[in-house]
Ligand code: XIL
């Protein structure tokens, strides 16, 4: 539900935006470092029931880069993270290889810190992810476990991780990327489906629900922006699961886009058909990469094209009633995964390395303001 504000609420909100100091007082104050104005942020501009999120940089590719852990050590990064966003997603800190490094140990310190940060800054948290074919530890993938052992390992992991953050995580990407592009299940590379059969998917959702009955449980995937074989497969699977009483609440579209390809113009229609099943939807990992030769900057035309992709994706979400969460996969190029994973492509986020804003940032801000003029989402 995205509540559009009433006129009365708009008047009230604008009355509450008081100048921070009178001109006379301001003149006496020491020069301030340029800060982030609360009213000049994405979360402020957003409609009340639309969370604006980002991935929180850490783990994964960051560990091979020549900088210290961003979330821990980059104070400017933390300031923008707190100011701009009403939702945060751990980029890697809840993936099996990170959070469950040996069979008998969990590594929760980094995720605990993210959850604490989110609480301090009135942000919700998206949990990512419990059931995936990628970024699993070697002890799991190469453990030669029996079916019973594997089932027990998955159940224990889900109960432990979801249980630890019960009440503190709003949405979980329970299952990530379970389908191939042609709409068949990943029966080879997903260890759970391969070893335990497709029925294990339903168990993963049941166990997550038992561990945190309030969390909203999602499927999440890439390449499902438009109406295609993969998104059709979800459209078929989810009602089947729901008919069996499996607690599935939502369908999430990652949204890793590239200006090499056309914008998926049927994104809104695709979100809508999941909405029509009574599901929540979300955009969970959007970035828009561009072809940029090493040592060069994108052209103005490239930046405009990128901005239009971000804006159209956000507009699609805003137009769909139960699309309640729009998350960008990192907000600054300084820490983006894109140049590490896509050779010759980059500059995929909405801020430059120094946190200055790109046209894409302003495009998002504009769409949010149009959806909800003057209303803060604190
Ligand atoms: C990426 C992270 O951004 C990198 O840091 C990591 O090295 C690899 O994974 N789909 C997903 C995300 O669901 O978890 C991936 O994140 C990007 C693609």
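The values are calculated or read from the model by the stated rules, or taken from the named source; none is laboratory data. None of these values were measured; they are calculated from a predicted model. When we count neighbours, we look across all protein chains shown, and the Cβ atoms used for this are built from the backbone with ideal geometry, even at glycine.
Identify all residues within region 70-122 that are assigned to a strand (DSSP E or B) and touching a residue at least 12 places away in the same chain (Cβ under 8 Å); write none if there are none. Don't jump to the end; show me each part of the working.
Filtering region 70-122 down to residues assigned to a strand (DSSP E or B) leaves 87-90, 102, 105.
Selection gives 87, 88, 89, 90, 102.
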| message | Give me the residue from region 44-55 that is touching a strand residue (DSSP E or B) at 6+ places or on another chain (Cβ under 8 Å) and under 14 Å from residue 83 (Cβ atoms) and, out of that set, nearest to the ligand (Cβ to nearest atom). | response | 54
| query | Just a yes or no: is a residue in region 187-199 part of a loop (DSSP other than H, G, I, E, B) and either in contact with a helix residue (DSSP H, G or I) (Cβ under 8 Å, 6 or more places away or on another chain) or modelled with pLDDT under 95 (or both)? | reply | yes
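Identify, please: which residue in region 132-173 is in a strand (DSSP E or B) and touching a residue at least 60 places away in the same chain (Cβ under 8 Å) and is, among those, nearest to residue 100 (Cα to Cα)? Outline the logic, then answer.
First, pick out the residues of region 132-173 that are in a strand (DSSP E or B): 171-173.
The next check asks that each one be touching a residue at least 60 places away in the same chain (Cβ under 8 Å); those that pass are 171, 173.
Details: 171: 20, 173: 17 Å.
The qualifying residue nearest to residue 100 (Cα to Cα) is 173.
Tell me, please, whether a residue that is without any contact (Cβ under 8 Å) to a residue 12 or more places away in the chain, within 16 Å of the ligand (Cβ to nearest atom) and surrounded by fewer than 22 Cβ atoms within 10 Å (Cβ to Cβ) can be found in region 57-65. Show your work before the answer.
Here is the first cut: in region 57-65, the residues without any contact (Cβ under 8 Å) to a residue 12 or more places away in the chain are 63.
Checking the rest, the ones that are also within 16 Å of the ligand (Cβ to nearest atom) come to 63.
Next, only the ones that are surrounded by fewer than 22 Cβ atoms within 10 Å (Cβ to Cβ) stay: 63.
Among the residues of region 57-65, at least one is without any contact (Cβ under 8 Å) to a residue 12 or more places away in the chain, within 16 Å of the ligand (Cβ to nearest atom) and surrounded by fewer than 22 Cβ atoms within 10 Å (Cβ to Cβ), which makes the answer yes.
Residues are listed down the side, and each one gets a yes or a no for (1) more than 16 Å from the ligand (Cβ to nearest atom); (2) surrounded by fewer than 18 Cβ atoms within 10 Å (Cβ to Cβ); (3) farther than 17 Å from residue 55 by Cα:
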| position | (1), (2), (3) |
| --- | --- |
| 126 | no, no, no |
| 159 | yes, yes, yes |
| 179 | no, no, yes |
| 182 | yes, yes, yes |
| field | Boolean, residue 208 is more than 16 Å from the ligand (Cβ to nearest atom), under 23 Å from residue 115 (Cα atoms) and buried (at least 21 other Cβ atoms within 10 Å of the Cβ) | value | yes
| said: Conditions first: (1) farther than 16 Å from residue 353 by Cα; (2) more than 15 Å from the ligand (Cβ to nearest atom); (3) surrounded by fewer than 19 Cβ atoms within 10 Å (Cβ to Cβ). Residue 85 passes all but one, so which condition is the exception? | reply: (3)
| request: Please find, among 134, 146, the residue that is modelled with pLDDT of 95 or more, surrounded by fewer than 16 Cβ atoms within 10 Å (Cβ to Cβ), at negative phi and within 16 Å of the ligand (Cβ to nearest atom). | output: 134
| Selection within region 263-273 - farther than 8 Å from residue 226 by Cβ and assigned to a loop (DSSP other than H, G, I, E, B) | 263
| From 267, 303, 235, which residue is more than 23 Å from residue 56 (Cβ to Cβ), free of Cβ contacts under 8 Å to residues at least 60 places away in the same chain and buried (at least 23 other Cβ atoms within 10 Å of the Cβ)? | 267
